[in-house]
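Asks: Take a look at this one; I'll ask things after.
The values are calculated or read from the model by the stated rules, or taken from the named source; none is laboratory data. Because the structure is a prediction, the values reported are computed rather than measured. All Cβ positions, even for glycine, are placed from backbone atoms using ideal geometry, and neighbour counts span all protein chains on display. When the accessible area is computed, the model is the full protein with side chains, heavy atoms only, and any ligands, DNA or RNA have been set aside. Shrake-Rupley method; radii C 1.70, N 1.55, O 1.52, S 1.80 Å.
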Amino acid sequence: MPRLQLTTDFAELSQRAGIPLTHQRQVIYDTLIAMPGHPSPEEVYAKVRKRIPSISLATVYKNLNRFLKAGLLQEMSIHHGSLRVEVNGQPHHHLVCASCRTIEDIDSEQIGPLHVRGRLPKGFSVQRFSVDVIGICARCRGSKKKVSH
């Protein structure tokens, strides 16, 4: 599904995506826009609950999945243990700390052009490339240096 252009006007965005506008969806979307990084549904739920105490985790999951299907969000690499979502629609990849599991975006130009060589299984269609650069972030490297003294 094509990615819709990021806008903070959720009413316009939901109309273009064919998603009925509700208060809960507006709050979930506003929360996502305000959150840094690549939040899990549980992290989104914790923030949304401060504004809508009666909302359920299932409602947050359902709406995040609806946003994903409509192209409002992207799913982070599926092998990080749990669903992680992001609103950054620009081509990019990720820096993943092997120690604390933080994830940061890195521009796709910093990786270089990617393409598939050879034949893909019949019927497989590439939608996007996602590269995870695994390493140790500066904060974790700094704390390991302090511990080793």
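Asks: Classify segment 42-129: rounded, prolate or oblate, from the alpha-carbon gyration tensor (a ≥ b ≥ c, eigenvalue square roots; a/c under 1.5 rounded; otherwise prolate if a/b is larger than b/c)? List each step's numbers first, then the result.
Replies: Numbers: a/c = 2.47, a/b = 1.68, b/c = 1.47.
Prolate shape, in that a/c is at least 1.5 and a/b is the bigger ratio.
Asks: To continue, here is another question. In debye, nearest 20: dipole of the chain around its Cα centre with unit charges on the Cβ of K, R (+) and D, E (-)? Please list the in-between numbers first.
Replies: Numbers: 21 positive and 12 negative charges, 96 e Å.
Magnitude of the dipole: close to 460 debye.
Asks: For the chain, please report how many Lys pairs fall under 24 Å Cα to Cα, leaving out neighbours fewer than 8 apart on the same chain. Provide the component values of the computation, followed by the final result.
Replies: Working: K47/K62; K47/K69; K50/K62; K69/K122.
For the chain, qualifying lysine pairs total 4.
Asks: So for S125, S99, S54, S40, what's the accessible-area order with a 1.4 Å probe, most first? Before the final figure, lay out each step's value.
Replies: Values: S125 85, S99 60, S54 105, S40 10 Å².
Accessible-area ranking of S125, S99, S54, S40, largest first: S54, S125, S99, S40.
Asks: Kindly work out what percent of the DSSP beta bridges joining two residues of the chain are antiparallel, to the nearest 5.
Replies: On the way: 7 of 11 bridges.
The answer is about 65 percent antiparallel.
Asks: While we're looking at this one, here's another question. With a probe of 1.4 Å, find how much accessible area the chain has per residue, and write the answer as a whole number in Å². List each step's numbers first, then the result.
Replies: Working: 9810 Å² over 149 residues.
In whole numbers, the chain has 66 Å² accessible per residue.
Asks: So, one more: Please report the equivalent ellipsoid semi-axes of the chain, computed as sqrt(5 x eigenvalue) of the Cα gyration tensor, largest first, in whole Å.
Replies: Details: eigenvalues 165, 116, 34 Å².
Over the Cα atoms of the chain, the semi-axes work out to 29, 24, 13 Å.
Asks: Between Q26 and S130, what length in nm is gained on full extension when 0.36 nm per residue of separation is reduced by their alpha carbon distance? Let's see the in-between values first.
Replies: Values: separation 104, 0.36 × 104 = 37.44 nm, distance 2.82 nm.
Contour length minus Cα-Cα distance gives 34.6 nm.
Asks: Once you place label points 7 Å from the Cα toward the Cβ at R101 and A58, how far apart are they in nm?
Replies: 2.5 nm
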